[in-house]
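Presented below is the structure to which this report refers.
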Amino acid sequence: MVTFHVTALSGCKRERSHYLQSPNIKCMKKKKIGPGLRPGTPVIPLVKFLLMMKLAAIIVCLCSVQAFALSGYSQDRVSLNLKQAPLKKALKAIERQTSIHFVYSDEILDGKAPADILVVDKTWAEAVLHLLSNTGLTYKQVDENLVVITPATAKTSLYQTTVRGKVTMKDGQPLPGVTIVEKGTMNASFTKEDGTFSLTVKNDSAILVFKYIGFVTQEHPAKATVNVVMTEDNTALDEVVVVGYGEQKKINLTGAVDVVRSEMLSNRPSANMGELLQGASPNLNIAVTNTGGEPGAGRSWNIRGLGSLSGSAPLVLVDGVEMNINNLDPEAVESVTVLKDAAASAIYGARAPFGVILITTKKGSANKGVQIQYSYNLGLASPINLPKWRSSYDYVIARNQALVNAGQPPKFPAEQIDRIKRYIDGSYLPEYDTANPPPTLWRGRHDGNANYEWFDMYFKDQVANHKHGLSLSGGTEKTQYYISLGYFNQGSSYNWADENYKRYNMVSNFSTQATKWLTVNLSTKFASSMQQHPIGSSGLEKKQIISEMMKFYPTTPMYNWNGTVNNPYVQQLMNAGLEKIRDNDFWGTISADIEPVKDWKSTVAYSYNYFGGKYTKHDKQVWLEAPNGTKWNIGSPENGFTQDWDENYYSFLSATSAYQKILGDHFLRLMVGYEQEYKQFNSISASKRGLATEEVPAIRTATGAMQVNDGMSHWSTRAFFARFNYNYKEKYLLELNARYGGSSRFAPDSRWGLFPSLSAGWNVSRENFWTGGLAKAVNSLKLRGSYGTLGNQNVANYLYMSIVPISSNLEWILNDIRPNYSGIPAIKSPSLTWERISTLDFGVDAAFLNSRLNMTFDWYNRRTTHMFGPAITLPAALGTSVPQENNSSLSTKGWELSLSWRDNLSANVVYNLRASVADYRATILEYRNDAGLIDSYYKGKVYGEIWGYTSDGLIQAAGEKMPDQNKFFNKWGPGDMKFKDLDGNNVINDGNRTLANHGDLRRIGNNQPRYNFGLSAGISWKNFDFSMFWQGIGRRDLLVTSSGANTLFWGLLNNGEAFFYGQEDYWRPANETNHLGPNTDAYFPKPYESNETYKNLQPQTRYLLNGAYVRLKNARIGYTLPKWMTSKVAINMVKCYVSGENLLTFQKMPKRIDPETAFSSMGSSSVEGLGKIYPMSRTISFGLNITF
């Protein structure tokens, strides 16, 4: 037995400094950077990754050694010393000493007299022969570890014989590559190109097993000649897929539907459905939000690209009801069905204009007994794509150069530069000049001489995440049940911060057949999550932390000379206060399936949801000592406490009735239904300043003025719907859907709409002419098409009503008070109604090469009309915003392709591949833009297009010929950027930024993702299995603006705030004398620490980044212990595995920028910018699954 003990460490390490460190810091690491570290591939992350993979390999190899050792137990020695022991007891004794299992009938052993048995150091076979001597019994080994005890008269002849034969298909065509295995052994062979085979078996009672992907497995007794006709396996064709309000055979589907199985979700460290499904289905677009990879972060979802300028989120249903997908435990999920076109999602009407994601949780199984499953996963996560600072010496030299370029004196004097050099070589210990210490906390970065790699300091090497799961399932013929419990604990990547995310999950599904015609179902789900995060300095939002990290130079001291902490952001992470969020989400659904007569089934269901949340924020003052001894508060100006409560009540009632009939070769089914839903939201929030004590932060313990606010809203829908299905011999398929629905979000006269859809399909391969070589090459072929129209009710509430904004604390205008006041109400939109989304879809489903290769292709055109847009422009004197109108439209065209392959290399080796790729483009068809401004939407605009100038290289010599660029600055010289004169007037400008006159601007790129793809592969050999999943984007453009928020890209060019590896590639003259040397063939232009720098940072082709990437999202290797071994301890299955997330990334962007988070980090707030986002993590996890 091999036992592993895994100790999870926080990832923090304490390295001894060469001078006094603060005893208050319990978890930190210190890494020096300097001239010794030069640009190139960082060594430490690579070494760390290789060590992780080596540990994984060692674990798997040890498991392998254990398995092979166990398989060799049949040669182990046996010793027995039994007095008057029954034969059965002796056999049990041998089982305990070896891996052998004996099979026998009690009757043949009961008559055997007990005997004294003495066996010393014999093989099990010798021991068994000794036991069975003079008993009239013998044994037969039928498998590697299975031995049958039989009467001696039943002994079979032990000669070898060769079996020959041929394997063909129904039409007589030979079938090469079929696996033939002698049952219960490893003896196997394959058919040749002509379908023939030969296999020598051990005895005349052998059974031959014939296996081939896409065909039904067959067993035949061994004899001299065995000819086999393989029949196609129709399991895939008969596969049932969950669709809206029911299920359909996959072969009969006429809409665009894709299914993701639970294998994609299991045995992975993440507990977030979005992260696990990313790239799993073509055109299911899942992206990181502006919370990045922080604990508890969610994902944004989209199907088939942009659908409306007001939002394009899909409808997510879990067991038929809408649910927050971030609260769902992936381990409880059975399957995920993605409904993509209007025909597939039409039954949901205005709730699902942009597709539906149907998630089905696991259920109990009839007559399978009680099954208990436990799973555990330990994940060790490390942040990725963190920027690396250049050394302090590099930084001050380059920063001084930028200042001199701008005509300013150097910032860092020679004496400070000398201290930096001596600090790096260890000859000067203090982190600043102790004779002239920095007077404030913030001056340390300017006056210090330290040499810190701050991102390596702020973030841990590793953080441990834990995931547990426990489920109970089973049932009888009439009653089935499934109950699961889940727990997930995600730690913080920050050093020093008290940050985490925890979630508890419960899912239960019960079903019982009360009578022959009535089945009652009860489903409940509960999720409770808790998260806490550090807040920004001065009470700002948490994203401000990373934003400020970009600006703290490597010269910034960590400690004062007396040992106290000097870095304000270390203290902020530790002491500035926390925001805490707690959510409780409960769902209960009760339903009844009624089938009074055969083929007529009705379902009535009622669901209730309560979602309640609590948010608290504790603002603290954080006093720090500056190097000169003065005290500074980097926390909130005044301590305080904020508390918000919110609750949502949701109810959903649905009733459907369906009748189906088969008339000869005709299948007909009609379903009608009704549903209604109601949701109410309430919230209240309060805050106070002046806490009497920090130990008990609360509204009541604060002494300042109270600020109180509340909110409420509600909405409801009702709908009637119907679906009609018809097929003839499953060859010609037809489906009609219609939904008549109303939404309270619109005015009474505009509330209701009718939304129909039509889809049809032709199973070409079921035609009589589909025979011979054609049928052999293309095993199945289905053509399908659909067209439908849906409404969109996912708009802001109360747009048709005139609402008066009410606020408090107006400025001091009268009698020394700040009165309550009201604003001017917005003009209502009385005629506002549904946006209408119409989708045309054509698809092909096909299978080739004996159904080993499967293909699905879809092309679609989704057109949104009556889209919300601006009304006519009115004078600003109006005093309020103009109402929206249904006056815009857009079209999104795209395609998606998926290919899958499944085959076996031998009797024990099975592998599979799946690849998918998709693309789309959205174009504005109508939009009010009377002036034709290029910065707004306009007719013909491709959504996401980027306008900019065309770069023409860097100026290398004074007086170099170039157009007039004085629009940006009046002085140009070597190292500055040249732009191409596209309009031929020898002047670079942007005209009046209209379609008619945009000067030298042109469309240079597009920020929408193109060619989203995924690739998965898996292989299994005996008890081992391996799988991997790659995901990426083929094309996407990111324009980095000249905003000061984009320090991560521009570095020195952004007023000298950063100098990361990769940013040293700026223009320097050929006669440069500093240690950085000349660099005339540079990527970045000459830096200026003044507003002059922005002349070179105009939107342009040179700095349009390529956001394409390929990422190994997951790789997993597992080993399942042999069943004969686990069955000894009443365990059905034990599997151990090693899994990795985000293991490798191939990208075009600079390595310091993560292509997954780059676009979502480009927000508009003051603390957002490129890369100013919580980093993603690479996770190595170790898991265990046990089934009882």
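The values are calculated or read from the model by the stated rules, or taken from the named source; none is laboratory data. Worth saying up front: this structure is predicted, and the values here are computed from it rather than measured. We place every Cβ from the backbone using ideal geometry, glycine too, and count neighbours over all the protein chains shown.
If you go through the range 968-986 and keep only what is closer than 18 Å to Pro1085 by Cα and surrounded by 15 or more Cβ atoms within 10 Å (Cβ to Cβ), you end up with Phe968, Phe969, Trp972, Pro974, Gly975, Asp976, Met977, Lys978, Phe979, Lys980. Within the option set Thr519, Thr555, being in a loop (DSSP other than H, G, I, E, B) and among the polar types (S, T, N, Q) holds for one residue only, Thr555.
For the range 952-970, the set of residues classified as closer than 20 Å to Asn992 by Cα and either more than 47 Å from the chain's Cα centre (by Cα) or hydroxyl-bearing (Ser, Thr, Tyr) (or both) consists of Pro963, Asp964, Asn966, listed by residue number. Every condition in (1) among the polar types (S, T, N, Q); (2) modelled with pLDDT of 90 or more; (3) over 30 Å from Gly741 (Cα atoms) is met by Asn367 except one, and the failing one is (2).
Any residue in the range 1115-1144 that is without any contact (Cβ under 8 Å) to a residue 12 or more places away in the chain sitting within a Cβ distance under 8 Å of a residue that is surrounded by fewer than 16 Cβ atoms within 10 Å (Cβ to Cβ)? List the pairs, counting only those 6 or more apart or interchain. From the range 1115-1144, the pairs are Lys1123/Asn1132; Lys1123/Met1133; Thr1126/Asn1132; Thr1126/Met1133. Asp983 meets all of the listed conditions (1) over 30 Å from Val216 (Cα atoms); (2) in contact with a Ser or Thr (Cβ under 8 Å, 6 or more places away or on another chain); (3) free of Cβ contacts under 8 Å to residues at least 60 places away in the same chain but one, namely (2).
Only one of the numbered conditions (1) surrounded by fewer than 20 Cβ atoms within 10 Å (Cβ to Cβ); (2) under 16 Å from Val844 (Cβ atoms); (3) among the small types (Gly, Ala, Ser) is violated by Ala796, and that is (2).
Restricting attention to the range 164-217, which residues are charged (D, E, K, R) and more than 24 Å from Phe848 (Cα to Cα)? Matches in the range 164-217: Arg164, Glu182, Lys183, Lys202, Asp204. Of the strands (runs of 3 or more DSSP E) contained entirely in the range 581-648, those carrying at least 1 residues that are modelled with pLDDT under 95 and crowded, with 20+ Cβ neighbours inside 10 Å fall at 600-619, 623-625.
Scanning the range 452-503 for residues that are of a type in the set (Asp, Glu) and over 30 Å from Asn575 (Cα atoms) yields a total of 1.
Every residue, every condition in (1) touching a strand residue (DSSP E or B) at 6+ places or on another chain (Cβ under 9 Å); (2) assigned to a strand (DSSP E or B), yes or no:
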position: Gly673; (1), (2): yes, yes
position: Ala686; (1), (2): yes, yes
position: Val696; (1), (2): no, no
position: Ala705; (1), (2): yes, no
position: Gly711; (1), (2): yes, yes
position: Trp715; (1), (2): yes, yes
position: Phe720; (1), (2): yes, yes
position: Glu735; (1), (2): yes, yes
position: Asp749; (1), (2): no, no
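Flag not set for Gly973, criterion: at pLDDT below 95, more than 38 Å from the chain's Cα centre (by Cα) and in a loop (DSSP other than H, G, I, E, B). Here the condition is being of a type in the set (S, T, N, Q) and surrounded by fewer than 21 Cβ atoms within 10 Å (Cβ to Cβ); of Asn1079, Asn1114, Asn1096, it holds for Asn1079 alone. Among residues that are assigned to a loop (DSSP other than H, G, I, E, B), touching a residue at least 60 places away in the same chain (Cβ under 8 Å) and surrounded by fewer than 21 Cβ atoms within 10 Å (Cβ to Cβ), Trp442 is included. Within the range 1024-1045, the residues that satisfy the criterion of being in a loop (DSSP other than H, G, I, E, B) and modelled with pLDDT of 90 or more are Arg1036, Val1040.
For Ser906, the conditions (1) in contact with a Ser or Thr (Cβ under 9 Å, 6 or more places away or on another chain); (2) on the phi < 0 side of the Ramachandran plot; (3) crowded, with 17+ Cβ neighbours inside 10 Å all hold with the exception of (3). Would the range 419-434 turn up any residue that is assigned to a loop (DSSP other than H, G, I, E, B), acidic (Asp, Glu) and surrounded by fewer than 17 Cβ atoms within 10 Å (Cβ to Cβ)? Yes, the range 419-434 contains at least one residue that is assigned to a loop (DSSP other than H, G, I, E, B), acidic (Asp, Glu) and surrounded by fewer than 17 Cβ atoms within 10 Å (Cβ to Cβ). Total residues in the range 68-92 satisfying the condition of being closer than 22 Å to Lys1123 by Cβ and modelled with pLDDT of 80 or more: the figure is 2.
In the set (1) of a type outside the set (Gly, Ala, Ser); (2) in a strand (DSSP E or B); (3) farther than 19 Å from Lys688 by Cα, Leu573 fails one condition alone, (2). Screening the range 1080-1148 for strands (runs of 3 or more DSSP E) wholly inside it with 1 or more residues that are farther than 30 Å from Asp981 by Cβ and at pLDDT below 95 returns the ranges 1109-1120, 1133-1141.
Residues in the range 493-539 that are over 25 Å from Asn272 (Cβ atoms) and surrounded by fewer than 18 Cβ atoms within 10 Å (Cβ to Cβ): Thr512, Gln513, Ala514, Thr515, Lys516, Trp517, Leu518, Val520, Leu522, Ser538. Filtering Phe1159, Phe1182, Phe1188 for residues that are modelled with pLDDT of 95 or more and aromatic (Phe, Trp, Tyr) leaves a single hit, Phe1182. Taken over the range 1081-1131, the criterion of being within 22 Å of Val396 (Cβ to Cβ) and acidic (Asp, Glu) is satisfied by Glu1089, Glu1092.
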